[in-house]
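Structure, as structure tokens:
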Amino acid sequence: MQALLSFDKAPPFAAPLRFFLTAPLFALAASLVLVAVGPDMLASRWTPALLAATHLITVGFMLQVMLGALIQILPVVAGANLARPLTVARWLHGGLSAGGALLATGFLAGRHGLLGGGAVMLALAVGGFLIAAIRALTGVPSTSPTIRGLKLSLAGLAGAVALGCVLALALANGWSVPLVVLTDLHAGWALGGWAGVLLAAMAYVVVPMFQLTPGYPARPSWGFPVVVVGLLLTWSVAVAIGSEVIGRVAQVAAAVTGIAFAALTLRLQSQRRRARPDATYRSWQFAVACAIIGLIMWSTATVFPVLAEVPGWSTALGVLIIAGGFVSFIVGMLYKIVPFLAWLHLQNLGGGGVAAPPMNRILSDTEMRHQVWAHFVAVGALFAACWQPGWLARPAGVSAAVASAWLFFNLARAFSRYRRHAASILVPVSSP
Amino acid sequence: MSHPKTPHVVDARYMEPPEPFVRTMEMLDTLKPGERMLLILFREPHPLYKVLRQNGYAYESELRPDGTFEILIGR
């Protein structure tokens with residue numbers, strides 16, 4: 001049984017871990033930008049510091065964890081093995097980290113060369129990953145909504161990166177493009193087509209598995225990724241032909257689709273069979289609630305554009321969807337993945353002779369729960385700061401910095417305990 | 001638990017990993033030649049599929065409207 005339990009092709013722990021440990025540092029950097037720049041940063045969604053912080057979170061934190069986790073998860077959820085996962089992980093991690101830092105510095109310092117260079121570096125890193133992932137998925141039939149969602153999310157990622165590259169190079173070279181319209185579309189593909197569809201594809205597996213809920217019904221599960229990508233394509237065509245009405249209808253429909261998925265998730269969570277709510281459950285519930293409110297704000301402002309001009313509206317909905325929704329979901333996911341991977345690798349290392357310690361000795365629920373609460377406080381403070389930046393921007397930045405540093409500390413602590421246990425297993429195994 | 005497809009069933013829908021895997025391997029050990037077993041889950045178990053292929057088992061998976069995967073396993 002022990003031999004059967006070991007995934008012989010599972011990438012080494014270092015492959016995903018480098019992404020997971022780097023990501024909180026980018027979130028910390030975004031928080032420190034807010035502390036340093038202060039209230040001016042939240043004056044509108046277009047301030048250079050806010051654009052920098054947004055990309056530190058979306059690229060440096062979200063993309064970093066999502067791609068790092070995919071390298072690990074592809075064999076488990078799709079039966080697709082990346083060729084040379086450690087090599088892919090090394091290059092991707094380097095490209096994402098350097099590209100994300102350059103992009104954010106370019107925004108912050110107004111250095112167009114850095115902006116363009118960062119975008120090209122990110123495009124190359126993500127492009128390399130996409131080639132490896134598409135090769136792994138070639139020939140894998142879409143036998144489940146998860147696999148279909150996974151494939152469509154990669155198309156969403158390609159769209160988001162291509163649009164991001166065009167925007168960054170347009171800024172760097174002074175090209176004449178409709179910046180506002182393309183930025184909205186870029187955000188739509190990045191958050192909806194890539195992150196949203198990937199999140200749904202993963203949720204189909206992990207929500208029932210970790211929270212012991214009923215499964216997602218088949219029909220909406222097959223439909224959600226297709227509808228979201230279809231609506232994004234409609235929005236893109238609307239931009240190309242200059243039809244504002246069609247673009248707005250597609251955006252509202254995409255928001256409503258997202259709300260329906262979030263509401264379905266809440267309903268399944270309410271039917272869970274796990275009696276005690278753990279840190280991940282709390283985190284995901286918070287994520288779903290924030291996403292619903294954020295999507296309602298987005299769709300309302302799309303129907304009544306005057307709302308988007310209300311000071312704080314656009315930044316607040318960004319905080320809810322990105323920090324409250326995606327980051328909370330990712331934090332909850334990290335708290336399942338990291339202790340499980342540590343346990344799995346220790347189990348394999350022990351080879352059946354030495355039992356791995358239980359997962360709660362790698363990271364206890366209390367340790368995770370305290371950090372999750374710090375994150376909730378930070379999201380609340382950031383949301384409030386959008387409306388009252390004058391006296392809340394810097395405290396919100398400090399609060400977010402504490403939550404990010406705490407996440408790093410927790411993940412580093414889990415890794416250090418893993419190493420200690422690994423050393424204690426290897427000593428008796430290697431001694432004569 | 002029995003099922004129209006086979007009397008040998010592991011309903012793992014509300015089990016945490018790795019219990020579905022362990023229970024499936026245990027039941028496979030008890031099957032007589034020609035018998036098949038049914039694993040019921042809310043996901044497709046790709047790591048299990050791999051182990052089944054390596055050990056000479058065949059499987060068919062079917063997604064039900066309620067989101068349940070029924071996986072029929074035999075030699």
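Cβ-Cβ distances below 9 Å connect the following pairs, each with a first residue in segment A:65-87 that is at the interface with chain B (Cβ under 10 Å from one of its Cβ atoms) and under 18 Å from A:V207 (Cα atoms), a second residue that is of a type in the set (D, E, K, R) and not in a helix (DSSP H, G or I), and a separation of six or more residues or different chains: A:V77/B:R43; A:V77/B:E44; A:A78/B:E44.
Residues that are over 19 Å from the mean Cα position of the chain (by Cα) and among the aliphatic types (A, V, I, L, M): does segment A:145-158 have at least one? Scanning segment A:145-158 turns up no residue that is over 19 Å from the mean Cα position of the chain (by Cα) and among the aliphatic types (A, V, I, L, M). Scanning segment B:2-42 for residues that are within 13 Å of another protein chain (Cβ to nearest Cβ) and part of a loop (DSSP other than H, G, I, E, B) yields B:A12, B:R13, B:Y14, B:M15, B:E16, B:P17, B:P18, B:F42.
Identify all residues within segment A:168-183 that are without any contact (Cβ under 8 Å) to a residue 24 or more places away in the chain and buried (at least 16 other Cβ atoms within 10 Å of the Cβ); write none if there are none. Those that are without any contact (Cβ under 8 Å) to a residue 24 or more places away in the chain and buried (at least 16 other Cβ atoms within 10 Å of the Cβ): A:A170, A:T183. For segment B:47-70, the candidate set comprises residues that are of a type outside the set (A, V, I, L, M, F, W, C) and closer than 24 Å to A:R272 by Cα; within that set, the residue that is farthest from the other protein chains (Cβ to nearest Cβ) is B:E70. Would you confirm whether any residue within segment A:395-409 is at negative phi, without any contact (Cβ under 8 Å) to a residue 40 or more places away in the chain and outside any helix (DSSP H, G or I)? The answer is no, given that none of the residues of segment A:395-409 is at negative phi, without any contact (Cβ under 8 Å) to a residue 40 or more places away in the chain and outside any helix (DSSP H, G or I). Pairs linking a residue in segment B:1-26 that is on the phi < 0 side of the Ramachandran plot to a residue that is of a type in the set (S, T, Y) and assigned to a loop (DSSP other than H, G, I, E, B), with Cβ atoms under 7 Å and 6 or more positions apart or on different chains, are B:V9/B:S2; B:R13/B:T68.
If the condition is being under 12 Å from the mean Cα position of the chain (by Cα), among the hydrophobic types (A, V, I, L, M, F, W, C) and surrounded by 17 or more Cβ atoms within 10 Å (Cβ to Cβ), then segment B:52-71 contributes B:L52, B:F69, B:I71.
Of all residues in segment A:201-248, those satisfying the criterion of being more than 30 Å from A:G332 (Cα to Cα) and either within 13 Å of another protein chain (Cβ to nearest Cβ) or without any contact (Cβ under 8 Å) to a residue 12 or more places away in the chain (or both) are A:L233, A:V237, A:A240, A:I241, A:G242, A:S243, A:E244, A:V245. Listed conditions (1) closer than 23 Å to A:H55 by Cβ; (2) in contact with a strand residue (DSSP E or B) (Cβ under 7 Å, 6 or more places away or on another chain); (3) not aliphatic (A, V, I, L, M) are all met by A:T143, apart from (1). Selection of segment B:21-44 for residues being within 17 Å of A:I147 (Cα to Cα) and under 9 Å from the mean Cα position of the chain (by Cα) yields only B:L41.
Considered as a group, the residues in segment A:39-83 that are farther than 20 Å from A:L25 by Cβ and of a type in the set (V, I, T) include one that is modelled with the highest pLDDT, and that residue is A:T47.
Looking across segment A:302-354, just one residue is among the charged types (D, E, K, R) and under 30 Å from A:D40 (Cβ atoms), and that is A:E309. When the helices (runs of 4 or more DSSP H) confined to segment A:27-111 are screened for residues that are over 24 Å from A:L199 (Cα atoms) and not basic (K, R), those reaching at least 2 such residues are found at A:48-55, A:85-109.
The rows are residues; the columns are (1) at pLDDT below 95; (2) among the aliphatic types (A, V, I, L, M); (3) touching a Cys at 6+ places or on another chain (Cβ under 9 Å).
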site: A:P85; (1), (2), (3): yes, no, no
site: A:G94; (1), (2), (3): no, no, no
site: A:L108; (1), (2), (3): no, yes, no
site: A:V120; (1), (2), (3): no, yes, yes
site: A:A125; (1), (2), (3): no, yes, no
site: A:F129; (1), (2), (3): no, no, no
site: A:T146; (1), (2), (3): no, no, no
site: A:L167; (1), (2), (3): no, yes, no
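Close Cβ contacts (under 6 Å, 6 or more residues apart or on different chains) running from residues in segment A:316-336 that are crowded, with 24+ Cβ neighbours inside 10 Å and modelled with pLDDT of 95 or more to residues that are part of a helix (DSSP H, G or I) and of a type in the set (S, T, N, Q) comprise A:S328/A:S283; A:V331/A:S283; A:G332/A:T280; A:G332/A:S283; A:Y335/A:T280.
Just the residues that are under 15 Å from B:F42 (Cα atoms) and either assigned to a loop (DSSP other than H, G, I, E, B) or at pLDDT 95 or above (or both), please, taken from segment A:209-249. Of everything in segment A:209-249, those that are under 15 Å from B:F42 (Cα atoms) and either assigned to a loop (DSSP other than H, G, I, E, B) or at pLDDT 95 or above (or both) turn out to be A:L212, A:T213, A:P214, A:G215, A:Y216, A:P217, A:A218, A:R219, A:P220, A:S221, A:W222. Based on this model, can you work out whether B:E62 counts as without any contact (Cβ under 8 Å) to a residue 12 or more places away in the chain and not hydrophobic (A, V, I, L, M, F, W, C)? In short, yes.
The values are calculated or read from the model by the stated rules, or taken from the named source; none is laboratory data. The structure presented is a predicted model; accordingly, all values stated were derived computationally and were not measured. Cβ coordinates were reconstructed from backbone atoms using ideal geometry, including for glycine residues, and neighbour counts include every protein chain displayed.
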